[in-house]
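Written below as structure tokens is the structure these notes are about.
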Amino acid sequence: MIINTELEYKGNMFPSQVSSYQKDLDVLSFTTENGVILHITIIRDSVLRFRYTTTGIFENDFSYAITKYASRGYNHLEVAEEEDKYVITTSKLICHVFKADLRNAIYDAKDNSLICQDELGFHWEESYEFGGDIVKMSKVAQEGESYYGLGDKPVDNNLKGKRFENWVTDSYAYGKDTDPIYKAIPFYTALHHKKAYGIFFDNTFRSFFDFCQERRNITSFWAQGGEMNYYFIYGPEMSEVVANYTDLTGKPHELPALWTLGYHQCKWSYYPESKVKDIAKKFRDLKIPCDAIYLDIDYMEGFRCFTWNKEYFPDPKRMVKELREDGFKTIVIIDPGIKIDHDYEVFKEALENDYFCKRADGPYMKGKVWPGECYFPDFTNPEVRDWWSDLFRELVEEIGVKGVWNDMNEPAVMEVPGKTFPNDVRHDYEGNPCSHRKAHNIYGMQMARATYQGLKKFSYPKRPFVITRAAYSGTQRYTSSWTGDNVATWEHLSIANLQAQRMCMSGFSFIGSDIGGFAEQPNGELYARWIQLGVFHPFCRTHSSGDHGDQEPWAFGENITNVVRKFIELRYQLLPYLYTAFWRYAEEGIPILKSLVLYDQHDSHTHYRNDEFIFGEKILACPINEPNAKGRRMYFPMGDWYNWWTDELVTGGQELWVDADLDSMPVFVKAGAMIPKYPVQQYVGEKEIEELTIDVYFKEGKEASQVYEDAHDGYDYIKGRYSLRNFSLQGKKNELIIHQHKSGKYTAPYETFKLKLHGLPFKIKKVQIDKVEYSFKDLKLNGDNVLEVHKDFNDIHIM
Ligand code: GLC
């Protein structure tokens with residue numbers, strides 16, 4: 001961690017003896033003899049914020065990451081002074097702050113076990129080059145400690161033994177272990193002795209995390225400027241850590257419209273109009289469900305944002321309308337680089353209003369991107385964001401575009417060292433002027449935020465849809481995201497799996513990869529296996545660079561088309577299930593995908609697993625990630641699991657072989673689960689839902705399931721027009737009881753549930769629904785174990 005070896009290097013500096021302590025409501029302030037101040041803010045009983053200054057003065061307290069909706073307030077706070085330390089006690093934590101040097105140690109208040117402890121603790125190095133400090137923190141790694149999270153890092157789930165950098169970077173054709181790539185999410189979850197805590201280092205400068213790489217028993221993090229400012233988040237459950245982090249940095253501001261969870265087709269690029277129409281038609285002809293089609297940069301006139309190439313797209317409004325009539329939503333790309341062209345309205349407006357980023361001494365920040373030389377709006381200025389958001393009026397309100405795709409917003413600059421702006425570029429940073437060193441990591445986030453603002457305004461009363469490549473913590477409030485320019489290789493299929501899991505445990509669940517790979521070309525087998533994985537990702541889109549051949553579901557021959565169709569159909573059937581998982585994420589911050597360690601941290605077999613994951617609450621999926629496979633071995637977490645395809649029951653806590661020919665994939669359902677399904681549709685809303693199928697998987701014992709529904713778009717759900725069904729299932733040797741509790745004011749269009757009973761260990765003799773008994777012959781049994789019941793039942797006893 002020695003950064004500066006020049007002559008002026010003064011070495012690491014440390015806080016000295018505490019000379020004064022003060023308490024101001026929830027902020028505890030400790031000042032040392034050498035002028036260091038530590039503020040500990042009690043955000044919640046389980047969330048403490050640590051903030052240090054070495055100058056005696058704190059910077060203006062501003063963060064792009066922390067949401068104003070974050071929960072605050074604690075049940076208990078007590079501070080005691082002892083000879084060598086202060087002892088801060090909340091209902092969940094005990095924190096010791098040592099008087100000698102400000103180091104701290106945090107304990108679980110329930111059992112006094114040590115959770116996290118400073119090694120050197122806070123220290124710093126003065127930066128001669130830029131002024132201010134390089135701020136550093138080191139902690140003792142506890143016995144058996146593992147580390148997870150950190151955003152889009154393309155590495156195995158457990159981060160132990162590795163070092164990382166957070167600097168948002170355009171990373172065409174990155175590979176396993178490439179670091180950094182597109183996103184900066186300086187948040188990790190640590191796990192030891194079955195207890196989990198998290199650290200969110202809310203510092204936007206280039207930052208680093210070292211998980212026992214530099215020194216075997218030490219974890220450290222540091223940044224090239226700004227303040228040592230981090231949140232300690234206690235679990236002890238990993239899911240609580242992630243939920244609390246997501247509460248701090250924000251949940252999505254609205255649920256996604258259901259169609260955004262459908263299948264999306266993209267390519268660089270589909271043009272002219274006839275090509276777009278051909279692709280759309282082929283989906284319908286081949287009966288492969290699809291909800292969205294994308295226009296990449298070639299739809300524009302010379303890559304000028306907010307223009308159309310009239311030769312390729314003579315009448316975009318008509319085209320978008322015709323596509324919409326066939327169920328396709330049109331999504332267009334918008335990049336941050338604005339072409340330097342004095343005849344171009346958007347450029348002229350931004351120039352006149354002084355909206356472009358400038359270099360330290362005044363010239364504009366000029367850089368080459370797709371349109372050639374460009375200037376770049378300063379999205380960290382709220383006035384610029386307002387202007388930008390208004391630019392979407394025509395695209396959305398007039399032309400009918402349903403979503404916007406923000407790319408190159410790291411910001412990417414071509415043919416320059418570092419592939420981005422130089423450090424000296426100035427930014428407004430919400431009225432806290434700063435250089436690019438500080439604004440770089442949030443630039444893309446603020447662009448996506450401005451885009452979101454526009455989409456929200458002009459899509460109203462429908463919900464907005466945005467997708468971004470670059471992100472910092474908190475970006476999940478505004479937009480979905482994808483993992484950037486990956487490659488069509490088997491290794492990248494595994495990387496996509498890891499990245500999606502990791503983003504989910506980093507508070508950002510609306511994530512997917514370029515299915516099939518962006519660069520190079522997959523063969524049919526790889527494409528099919530990737531689709532199988534992709535339908536279990538929250539965002540599901542095929543995208544490719546296009547210069548390596550076609551990548552549509554039908555591009556690899558009929559066999560592959562059939563496999564792809566089968567899995568996309570499966571996704572459409574599972575839409576109410578995925579929507580419910582999304583609702584839980586937006587409501588409670590519970591990740592949509594759960595790595596096995598997040599699902600069951602108490603089973604130490606999960607701590608190093610990579611491939612298996614839980615989709616939503618109840619479905620266990622594991623992709624096949626090598627060629628010629630007839631199946632694979634996989635680990636089953638504790639509990640009983642039904643094979644999705646065969647209903648065969650598997651007992652968890654062991655690794656087993658699972659058959660999975662090319663038309664299949666290992667998918668399992670937790671015993672006791674109730675999985676809601678819609679009929680296959682070619683696009684969301686194609687059919688009126690006449691009946692909700694619920695697959696009920698028998699379990700001896702109890703299990704709870706939920707189904708959330710609303711109008712699938714619009715904002716009525718916020719006014720209470722939603723329907724939440726809480727099911728509790730209880731299975732006994734010769735009886736199955738299902739209880740339903742319903743809340744919300746939304747009335748679903750269907751009247752009945754089709755309950756499909758799986759794994760029932762007895763033959764149905766009679767059924768009692770809300771105390772009325774039906775003998776076997778009165779029952780509307782549809783097939784062997786399929787029961788049709790009114791959707792508003794309270795209790796069913798199946799005997
Ligand atoms: C970048 C994007 C990619 C897009 C291309 C052209 O490489 O990551 O998705 O297709 O630019 O716009």
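A few remarks follow.
- Pairs over the 32 Å Cα-Cα cut-off, from the set K456/K742; K160/K699; K176/K419; K281/K630: K160/K699; K281/K630.
- Taking all protein chains as shown and a probe of 1.4 angstrom, D285 keeps an accessible surface of around 100 Å².
- P(r) tail fraction, the stretch 75-118 - alpha-carbon pairs more than 14 Å apart, %: 45 percent
- 3J(HN,Hα) from dihedral phi, the stretch 239-247, Karplus parametrisation 6.51/-1.76/1.60, rounded to Hz, x for glycine, proline: 5, 6, 4, 5, 5, 5, 4, 5, 5
- Full extension of the segment from E165 to K630, taken as 0.36 nm per residue of separation minus the current Cα-Cα distance, would add 163.5 nm.
- Net lengthening on full extension, R216/E119 (0.36 nm per residue, minus Cα-Cα): 33.7 nm
- Here the stretch 1-136 exposes an accessible surface that is 47 percent carbon and sulfur, computed with a 1.4 Å probe and the other protein chains kept in place.
- Percent of C-alpha pairs per 20 Å bin, the chain, short to long: 16, 47, 31, 6, 0
- Shape summary of the stretch 78-195, radius of gyration then Dmax from alpha carbon positions: 17.8, 57 Å.
- The amide H of I590, built 1.01 Å from its N in the peptide plane, has Y585 as neighbours under 5 Å, considering only residues 5 or more places off or on other chains.
- Computed over the stretch 332-447, the Cα gyration tensor eigenvalues convert (square root of 5λ each) into semi-axes of 22, 15, 14 Å, ordered from largest to smallest.
- Stretchable slack from F14 to D111, in nm (0.36 nm times residue separation minus alpha-carbon distance): 31.8 nm
- Percent of Cα-Cα distances greater than 16 Å, calculated over the stretch 689-782: 63 percent
- Two numbers describe the Cα atoms of the stretch 136-238: Rg and Dmax, which are 13.2, 39 Å.
- Normalised by 2.2 N^0.38 Å, with N the number of residues, the alpha-carbon radius of gyration of the stretch 180-258 equals 1.24.
- Cα gyration tensor category, rounded, prolate or oblate, for the stretch 16-60 with a/c compared to 1.5: prolate
- Loop-located GluC sites (Glu not before Pro) in the stretch 716-799, at most 15 other Cβ atoms within 10 Å (DSSP): E751
- Whole-Hz ³J(HN,Hα) from phi, Karplus 6.51 cos²θ - 1.76 cosθ + 1.60, for the stretch 383-388, glycine and proline x: 5, 5, 5, 4, 4, 4
- Three-way shape call for the stretch 566-674 based on the alpha-carbon gyration tensor, with the a/c threshold at 1.5: oblate
- Converting the Cα gyration tensor eigenvalues of the stretch 1-151 into ellipsoid dimensions via √(5λ) gives semi-axes, longest first, of 26, 18, 18 Å.
- Filtered trypsin sites (Lys or Arg not before Pro), the stretch 42-118: DSSP coil and at most 13 other beta carbons within 10 Å: K68, R72, K110
- Remark: the stretch 164-172, residue by residue, has Karplus-estimated 3J(HN,Hα) of 9, 10, 10, 7, 4, 9, 5, 9, 3 Hz, where x stands for each Gly or Pro and the curve is 6.51 cos²θ - 1.76 cosθ + 1.60 at θ = phi - 60°.
- Mean ellipticity per residue at 222 nm, deg cm²/dmol - from DSSP H runs of n ≥ 4 across the chain, formula -39500 (n - 2.57): -5500 deg cm²/dmol
- Placed amide H near F518: partners under 5 Å, 5+ positions off or other chain: N486, V487, A488
- Spin-label pair F793/A704, simplified geometry with 7 Å Cα→Cβ offset, distance in nm: 2.1 nm
- Projecting label points 7 angstrom from Cα along Cα→Cβ for A80 and E59 puts them 3.7 nm apart.
- For the stretch 655-696, the square roots of the Cα gyration tensor eigenvalues, ordered a ≥ b ≥ c, give a/c of at least 1.5 with a/b no greater than b/c, which places it in the oblate category.
- Using bins of 10 Å that start at zero, the share of Cα-Cα pairs per bin across the stretch 295-364 amounts to 18, 39, 26, 13, 4, 0, in whole %.
- The Cα atoms of the stretch 90-138 cover 47, 19, 16 Å along the three principal axes, with the biggest extent listed first.
- Volume per residue that the Cα convex hull of the stretch 470-605 spans, once the total is divided by residue count, Å³: 119 Å³
- The mean of 1/r over all distinct Cα pairs in the stretch 258-407, once inverted, gives the Kirkwood hydrodynamic radius of 16.5 Å.
- In the stretch 603-753 the Cα-Cα distances spread across 10 Å bins starting at 0 as 10, 31, 31, 22, 6, 0 percent of all pairs.
- Qualifying GluC sites (Glu not before Pro) for the stretch 69-120 [loop in DSSP, other Cβ within 10 Å: at most 11]: E82, E83
The values are calculated or read from the model by the stated rules, or taken from the named source; none is laboratory data. Note that the coordinates shown come from a computational prediction; the quantities given were computed from them, not determined experimentally. Glycine gets a Cβ as well: all are built from the backbone with ideal geometry, and neighbour counts include every protein chain shown. Areas reflect the complete protein model, heavy atoms only, side chains present, ligands, DNA and RNA absent. Shrake-Rupley method; radii C 1.70, N 1.55, O 1.52, S 1.80 Å.
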